[in-house]
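Enquirer: Pasting a structure below so you can have a look.
None of the figures in this text is laboratory data; all of them are computed from the coordinates on show. Because the structure is a prediction, the values reported are computed rather than measured. Ideal geometry is used to build each Cβ from the backbone, glycine not excepted, and the neighbour counts take in all protein chains shown.
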Amino acid sequence: QVEYGSGYMSPPVGNTGTVTEQPLSGAHVLRVGADKMIYTYGGGTGESTSATREIVRIDPKTGERTLMWLAQNPDTGDITGTWAGQCFRPDAFGAKQSVGLQSHGFEIGPDGTFYLSYRGIREGDGIISISADGQKCTFLSGWGGVGDNPGGGIESAPAPAPIGAGPVLQFPVQGLLLHEGLVYGVSNDEMYSFDPVTGDRVLKTTDNKA
């Protein structure tokens, strides 16, 4: 097998010790940025929600790979060092753990901002943004979530406050698309818009005939 290109190598997935670094681990979504570079969204463990997603830029002329952002790994700590901005889920013990990120929820704006969807019991569901330099993570729209309630007399971490008005979606949001200032995403058989300024959610179309 001949490797084309050079640069960033994705870290091993999981803790089996049998997987080595490799280029573009689990890339699920491709986008072309305004700079004509290819951006891949991958990492993690396949289709399931994961807190180890990564964004990699690829030069289509040379194949050179550059890491743009990497989510914190809840098992091993912040594997990105200190430069990558993170959005954390509630934790009663004060641990800083990334929200769970969807495998197909990724988009890039004309200014280089990245948009991702997340889902988890503690953090609920929603949309976040990552700045073009990867240093800042911002919650844009959010709903649901129960916080962290370990019991045993330990003080609970409260559920996150909702961000934006609109429907409380029951299914994960995938297939993100930015159009005329709004982020669009598909949840089950319905498409919604998400306002990145207010967080408001609006149902745009559905296949539900009921």
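Enquirer: What aspartates and glutamates sit close enough to K96 to cross-link, taking a C-alpha to C-alpha distance under 12 Å and skipping anything fewer than 8 places away on the same chain?
Expert: D75, D78
Enquirer: Also, quick follow-up: Nearest 0.05, what FRET efficiency do S6 and L182 give at R0 = 25 Å with Cβ-Cβ as r?
Expert: On the way: r = 37 Å, r/R0 = 1.50.
E between S6 and L182, to the nearest 0.05, is 0.10.
Enquirer: If you stretched the chain out fully between S131 and E155, how much longer would it get, using 0.36 nm times the residue separation minus the C-alpha to C-alpha distance?
Expert: On the way: separation 24, 0.36 × 24 = 8.64 nm, distance 3.30 nm.
Gain in length upon complete extension: 5.3 nm.
Enquirer: State, to one decimal in nm, how far the label point of I38 lies from the label point of K204, with both points 7 Å from Cα in the Cβ direction.
Expert: The answer from the label model is 2.6 nm.
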